[in-house]
Every structure is written in structure tokens, then in C-alpha cells.
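The values are calculated or read from the model by the stated rules, or taken from the named source; none is laboratory data. Remember, it's a predicted structure, so these values are computed and weren't measured experimentally. Reconstructed Cβ throughout: ideal geometry from the backbone, glycine too, with neighbour counts over all protein chains shown. Only protein heavy atoms, including side chains, enter the accessible area calculation; ligands, DNA and RNA are left aside. Shrake-Rupley method; radii C 1.70, N 1.55, O 1.52, S 1.80 Å.
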Amino acid sequence: MQPDSQFELGSFIDEHWAEKLGSISHEYQALTQAMLARILPSEASGLMLEDMKESLNRGAQALAGNPQLLYSAQMRLMQDQMRLWQQTVQAFYGGGDSGEAVIEPERSDRRFRDDAWHTEPFYRYIMQQYLLSSRMMNELVEGIDSLTEKQKLSLEFYVRQYMSAMAPTNFIATNPEVMRLTLETKGQNLVDGLKRLREDLANSAEGLNVTMTDREAFHIGENVAVTPGEVVYENELIQLIQYYPTTEKTFKTPLLVVPPWINKYYILDLRQDNSMVKWLTEQGHTVFLISWRNPGVEQRDITWADYMQMGLIQAMDAIEEACGEKSVNILSYCIGGTLTASAIAYLTSTRRARKVRSVSYMATLHDFRDPGDIGVFFSGKALEGIERQLETDGYLDGRIMSFSFNLLKERDLFWSFYVNNYLKGEAPAVFDLLYWNTDGINLPAGTHGWYLRNMYVENRLAKPGGIELDGVKIDLRKISTPSYFISAKEDHIAKWNSTYYGTQLPKGPVTFVLGGSGHIAGIVNPPAKNKYGYWTNDELPDSPDKWLEGATFNEGSWWPHWQKWITDNGYADASKQVPARKPGEGNLDIIEPAPGRYVRQTIHEVIGQPEDDGEEADSRAKEVD
């Protein structure tokens with residue numbers, strides 16, 4: 001039978017669609033060229049994949065040895081799938097409401113907030129099928145009892161990564177928002193998304209560093225890191241910034257801020273309305289801050305002891321030159337706090353403990369017995385791969401560390417951006433915190449490999465004499481310096497119940513406070529916001545859970561509580577204030593204005609690799625065309 005009209009593709013795809021399909025094809029070819037150039041993983045990545053394979057194989061063997069667990073989970077899944085299927089058929093052919101869902105996403109799961117997931121039978125079915133499969137996988141892993149604690153933690157992590165990657169939201173055809181947008185824009189979202197993916201791939205070291213914000217919207221020293229100050233000292237590793245006072249008088253004892261060197265210091269000086277540095281000057285402190293260098297291959301041999309000597313100790317010596325004070329109060333953060341504890345233990349063993357009047361640790365691990373998910377990256381073959389990469393390159397590319405940290409909260413810090421940037425083709429929002437999060441720092445081989453093995457693997461810092469620095473065995477139990485610990489309840493990098501174990505080590509007076517929120521927001525929590533709250537407890541039982549049971553919740557920021565602690569105890573003595581000190585008034589000359597040169601060093605500049613906007617891959621794609 002002859003049809004009235006011959007089928008033509010053009011009747012379904014107009015010229016606009018045809019143009020977009022051509023653009024998509026072009027972008028896809030360019031992306032393919034870029035991926036082919038990276039097809040062979042580095043040795044570190046290869047060993048990480050081996051670690052994942054071994055972990056999943058151990059899990060499969062454990063399930064094979066527990067058939068009852070596997071049978072029970074599968075039977076529950078089959079029963080729920082049957083109910084789901086019946087509901088879906090009724091919704092498609094019977095019309096009306098299909099009844100209560102077999103399974104619903106958790107309230108905190110933002111992936112399925114679009115109405116289509118709950119009102120359209122097709123998407124409702126896909127969502128519930130995925131949630132049922134995820135629940136079964138979690139139940140199987142949770143029910144395994146033949147693995148060690150570390151093996152089970154590793155298995156849980158890898159299974160979670162797999163299930164997060166397989167979410168229907170991550171695929172064009174099974175994401176209703178993406179499908180609507182594709183039809184509305186005639187595919188322009190996919191053209192833009194492929195281009196963004198190509199650019200991000202070109203600027204990634206290992207894995208994929210998704211763009212989280214508009215990086216052109218921020219400039220260090222102009223709209224971030226703008227608290228007035230001067231660089232008054234520098235060496236190969238640090239620049240020391242002294243900030244201008246904002247009060248007529250200041251406490252006699254200066255305050256030294258020791259930030260982490262995995263990211264840059266200006267997390268503590270983002271905007272003027274949330275800057276901890278600015279707030280500290282307003283409380284009457286003479287504030288000094290260490291700005292760490294972004295190391296390259298030339299710094300490969302810098303050690304943990306060098307970070308201590310060239311960082312903290314030389315900074316304290318410089319502060320004495322600037323102010324004439326022989327002691328300081330120290331406020332430290334994350335790995336900067338771990339180094340600070342090492343330095344104070346070293347000073348204690350060398351009879352110089354009086355150089356530090358008090359020490360505060362923000363989200364800091366001293367006892368690494370339970371580091372959480374991050375420990376997966378630093379054990380077995382994964383650590384072996386990192387150590388080999390460090391030996392080859394002389395440093396760990398900071399983009400690799402950033403990618404690893406993002407996988408600790410992969411839904412929020414990876415896949416949400418993957419969907420928005422690459423499937424929806426949207427430009428990332430302007431957000432200073434995310435700008436800082438992607439402005440990484442390299443980690444020198446001589447320090448980082450030692451840190452991972454001695455802290456995360458062997459937990460030597462918590463052992464008496466477990467670590468030797470410049471020929472001196474250190475012991476945190478000998479520290480008598482008054483200590484203030486502040487941790488964050490939802491911290492995914494330094495788990496609060498793990499940081500709590502650090503309170504059991506020093507012999508001096510210890511105060512522990514637990515803030516709300518996570519590793520960043522729980523620490524950078526200015527009082528004016530009146531957010532999150534914090535818990536206090538004068539007792540320090542041996543268990544973090546016991547501490548929390550007896551703790552009292554307080555509204556607002558922990559910052560005023562810390563200020564009260566440091567002043568009420570006389571570590572910053574209100575009765576011994578001095579005329580406000582300005583940079584350059586002491587024996588140290590001003591080198592350059594804050595924020596200085598070191599904080600402006602990007603990874604691309606340090607390793608001599610220009611940022612790629614995808615043009616090189618674009619030219620290769622044109623050659624293929």
C-alpha cells in the first residue's frame with residue numbers, strides 16, 4: 001500500500017533543531033577528542049580503581065557467604081516492585097490517583113523536588129524503582145558482618161558512589177527538568193552543557209572538577225580577602241600578614257591565625273559581613289595570619305617539620321619582632337590545627353611552651369582512629385597510588401584533593417553541578433564560598449605523603465613519642481597550654497566525634513564546643529547571622545556521645561563564646577591592653593599590602609599550565625569535521 005506521504009525526518013525536526021543537532025555533534029566530537037587524550041589513567045588513579053574493585057569483590061564474597069541476607073533483601077525488593085508495577089499500570093490505564101507511593105525520597109534529598117517525579121506516572125515509576133534499588137543495596141551492605149570495620153567503610157563508600165552516579169536525575173531522558181528544557185531551547189542546553197563539560201575536563205587533573213561558580217566574578221584583594229593589612233614577613237613557605245587594628249587599644253598578647261594549606265586562608269576573610277579576621281580585629285586583637293605558599297616541584301622536599309619551623313615558629317619569632325611580645329595566642333583550623341598541636345608539643349619538649357598562652361583548634365583532628373569516609377582515599381592501594389604520584393610529580397595537584405573532598409558529599413558537591421552545568425547548560429551562580437572551594441593549593445610530596453601515612457594510617461600523633469620532629473619525639477599528653485576545641489556537628493571532613501578524642505590528650509585545661517552545620521559554615525558563623533547554634537558542656541567524658549548527652553544547646557554563633565573564654569581566663573587580658581599596633585611600627589618593615597602574592601598563586605601558574613577554555617579541543621574537532 002502506497003502511503004499518502006513519505007516519512008521525512010524534516011517533518012519532525014525543523015531547521016532550528018537540525019542546527020542544534022549539528023552543534024551537539026560538533027561539541028561531542030570535541031569532547032571525545034579531549035577524553036581520548038586522557039584515556040589512560042595515572043598510576044594513582046589506576047590503583048584507586050583496583051582498590052574499588054577489591055572492595056566490591058570482598059562485598060560480593062561476603063554476600064555469597066550469607067545467602068539468607070541476599071534472599072531476604074531480594075524478596076523485599078520483588079514484593080515492592082510488584083506493588084509499584086501495579087500502581088503504575090493503574091495510573092497509566094485506570095486514571096486517577098495511584099495511591100500512596102511505595103517509597104518516597106528523604107526530605108533532605110533535593111534531586112526529586114520537581115513535581116513531575118510525583119505526578120507523572122513514568123517519572124514516578126523511575127524514581128521509586130531507583131529508590132528501591134538504592135535501599136536494597138544499602139541494606140545488603142549494612143547486613144554484612146564478615147568484613148572488618150575499615151573494609152565495610154570502604155564498601156559503603158564505593159556502593160554509595162555507584163548509586164549516586166546511577167540516579168535517574170543524571171541522565172537526559174530520565175530527568176523531567178532536563179527534558180522540558182531541551183524541548184524549550186531546542187537542544188541549546190545540551191550544546192552549552194557539552195561545551196562546559198569540555199572546558200571543565202580540560203582544566204581538571206584527575207577525575208572531573210566541575211565549575212561551581214563564576215570564577216570571573218571574584219578577584220582576590222578586590223572583593224574577597226579585603227580586610228586591610230600588610231605582609232610584614234615572608235620566607236619560602238609563608239607570608240605573614242598583620243592586619244590593621246579597628247580599636248584604639250588592643251590586647252597585649254597578639255593572636256596568630258593558622259589556616260589550613262589544603263585551601264587558601266581567605267575562607268576566614270571572604271566578605272566583610274562574614275569575615276572572621278575582621279571580627280577578630282573588632283574584638284581588640286592584634287591579628288597576624290599565615291598565608292601559605294602554593295608549592296610546586298621546587299618545594300617537593302619540604303617536610304612536616306619544615307611547615308612547623310618555617311610556618312608557626314618563624315611566624316611567632318616575627319611577631320615578637322613586630323610587637324615585642326614573647327608569647328601569642330593561636331587560633332588554628334583543620335590541618336593547620338594538627339600542625340599547631342605538633343608544634344606546641346615540640347615547643348613543650350624543648351622547654352619553650354610559654355611561647356603560646358592559649359591554643360584554639362577549629363575542626364581539627366589529633367586522634368585519627370576514625371577519620372570517616374575520607375580515610376577510604378588514604379588506605380591500601382589508594383595510598384600506594386598517591387605515594388607513587390607524589391614521588392613522580394613532587395607534589396599532589398590541589399585539584400585532585402578538591403575532587404576527592406567533593407566525593408565525600410557527592411550529591412551536593414558533584415552531581416548537582418553535573419546536572420545544572422552539563423545537562424541543563426546553566427551558568428553557575430556567583431558564590432564566594434564556592435569560588436574559594438575551587439581555588440586549590442598543591443601539596444608538597446615531602447609533607448603530604450608523610451602526613452597521610454603517619455596520621456591517617458598509623459595514627460602516630462596520638463601516641464606518646466609516635467612522631468619525631470627535628471630529632472625531638474613529641475607527646476601531646478605533655479601539653480599544658482590551655483586549649484579550646486570547636487567542631488561542627490555535620491562536618492564531613494573532620495568528624496566531630498573524632499575531633500573530640502583530641503580533648504582527651506592534653507594535660508592542660510580543655511574546653512570543647514560543638515557548633516551546628518558543617519566544616520565551613522559551622523566555623524565561619526558570624527554572630528550577626530544568628531544561625532546554627534552550638535552545644536557546651538563543662539565535663540569531658542571519654543565518649544563524644546556521653547558529652548553530647550550532657551551538653552546544653554545555645555542559640556547563635558560560637559564566636560562570642562570563644563571571645564569570652566579567651567578574655568575571662570586572661571589569655572587575652574582586658575586589664576593589660578596597649579595602644580593599637582599598626583603594621584610597620586615595630587622592627588618589621590612592610591613588604592607589600594595584604595593579601596600578598598602567595599594567596600594569588602593559582603595551580604595553573606605554579607605548574608606552568610595555562611587555563612584551557614576548550615579552544616584546543618575545539619580546533620581538533622574541526623579537523624575531524
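Given axes a ≥ b ≥ c from the Cα gyration tensor, I'd like to know whether segment 180-289 is rounded (a/c under 1.5), prolate (a/b larger than b/c) or oblate. Judged from the Cα gyration tensor, segment 180-289 comes out prolate (a/c at least 1.5, a/b above b/c). Subtracting the Cα-Cα distance of residue 507 and residue 602 from their residue separation scaled by 0.36 nm leaves 30.1 nm. Using only the Cα atoms of the chain, each taken as one equal point scatterer with no solvent, compute I(q) by the Debye sum, divide by I(0), and report log10 of the ratio at q = 0.11, 0.12 Å⁻¹. Taken in order of the listed q values, log10 I(q)/I(0) reads -1.18, -1.35. Excluding residue 579 itself, what net charge comes from residues whose Cβ is under 11 Å from its Cβ, given Lys and Arg +1 and Asp and Glu -1? So the surrounding residues net to +2. Size descriptors for segment 452-602: radius of gyration and Dmax over Cα atoms are 18.8, 52 Å. In straight-distance terms, cross-link reach from residue 546 covers every one of the lysines whose alpha-carbon lies under 23 Å from its own, apart from those fewer than eight places away in the same chain; here that gives 489, 495, 507. Just check segment 328-485 against the gyration tensor rule for me: Cα atoms, a ≥ b ≥ c as the square roots of the eigenvalues, rounded for a/c under 1.5, and otherwise prolate or oblate depending on whether a/b exceeds b/c. Prolate, because a/c is 1.5 or more and a/b exceeds b/c.
Which percent of the accessible area of the chain is formed by carbon and sulfur heavy atoms (probe 1.4 angstrom)?
Of the solvent-accessible surface of the chain, carbon and sulfur hold 51 percent.
Each Cα pair under 8 Å and six or more residues apart adds its separation to the average, and for the chain the resulting relative contact order is 19 percent.
Taking the Cα atoms only, what angle lies between the long axis of helix 67-89 and the longest principal axis of the chain, rounded to 10 degrees? Rounded to the nearest ten degrees, it is 60. Computed from Cα positions, the angle between helix 559-568 and the longest principal axis of the chain comes to roughly 20 degrees.
Answer rounded, prolate or oblate for segment 64-193, using the Cα gyration tensor with square roots of eigenvalues a ≥ b ≥ c: rounded when a/c is under 1.5, else prolate when a/b is larger than b/c, else oblate. It is oblate, given that a/c is not under 1.5 and a/b is not larger than b/c. All other residues whose Cβ lies under 15 angstrom from that of residue 496 are scored, Lys and Arg at +1 and Asp and Glu at -1, for a net of -3. Computed from Cα atoms, the angle from the helix 335-349 axis to the main principal axis of the chain rounds to 30 degrees. The separation of segment 560-584 from segment 297-320, counted between C-alpha centres, amounts to 26 Å.
Based on alpha-carbon centroids, what's the gap between segment 255-294 and segment 227-246 in Å, whole number please? If we compute the Cα centre of each part, the gap is 10 Å.
In plain terms, the chain from residue 555 to residue 272 could stretch by 99.6 nm, reckoned as 0.36 nm per residue minus the Cα-Cα distance. Sorted from longest to shortest, the spans of the Cα atoms of segment 236-326 along the three principal axes equal 44, 31, 15 Å.
Charge tally around residue 520: other residues with Cβ under 11 Å, Lys/Arg +1 each, Asp/Glu -1 each, net -2. Full extension of the chain between residue 100 and residue 217 gives 37.5 nm of extra length, using 0.36 nm per residue less the Cα-Cα distance. When you restrict to C-alpha pairs under 8 Å that are six or more residues apart and normalise by the size of segment 298-429, the relative contact order lands at 20 percent. Summing -39500 (n - 2.57) over the DSSP H runs of n ≥ 4 in the chain and dividing by its residue number, what mean residue ellipticity at 222 nm do you reach, to the nearest 500 deg cm²/dmol? My calculation for the chain gives -12000 deg cm²/dmol from helical runs alone. Past 19 Å, Cα to Cα: identify those pairs from 249/355; 53/381; 264/564; 409/463; 186/424; 409/529, in the order given. Cα-Cα > 19 Å for 249/355; 264/564; 409/463; 409/529; rest within. Over the chain, accessible surface divided per residue gives 45 Å², non-protein components excluded, 1.4 Å probe.
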